[in-house]
Amino acid sequence: MFEKDIIIFTTIAGSVVELITGLSFWVYNKCIKQLSEYHKRLDSIEKYLTSIQMADKMSESRREEMYKWLIQNVMLLDLGCYKTNQNENQNNDQNENQNNN
């Protein structure tokens, strides 16, 4: 009887440890994805600020043209890439959920 209790408790303890470990890896994976997205956005902001700083150093007549160009090319292009990446992340999450079911 005592040996059966030890086997049961050991099995339960092992299952709990495996569950906690799996949950930790899942949380870690989500954190890494979020950190990656943060760095992409930080890089994008750095590009904007650098471009604006360079445009500020130009002559007054060229500065207005450069602002227009920045808005049309840099910002809208990054916005399109962000939306594309966001859609890809949503599709990947949906595929993961389907594979888990």
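Bear in mind that the values in this text are calculations on the coordinates, not laboratory data. Small disclaimer: the values here were computed from a predicted structure and weren't measured. Please note: Cβ atoms are built from the backbone with ideal geometry, for glycine as well, and neighbour counts cover all protein chains shown.
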**Study point:** Burial ranking of peptide ranges 12-24, 46-58 (average Cβ count within 10 Å, highest at the top)
**Key:** 46-58, 12-24
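Could you grab the Rg to Rh ratio for region 22-62? Cα atoms only, Kirkwood for Rh.
1.42
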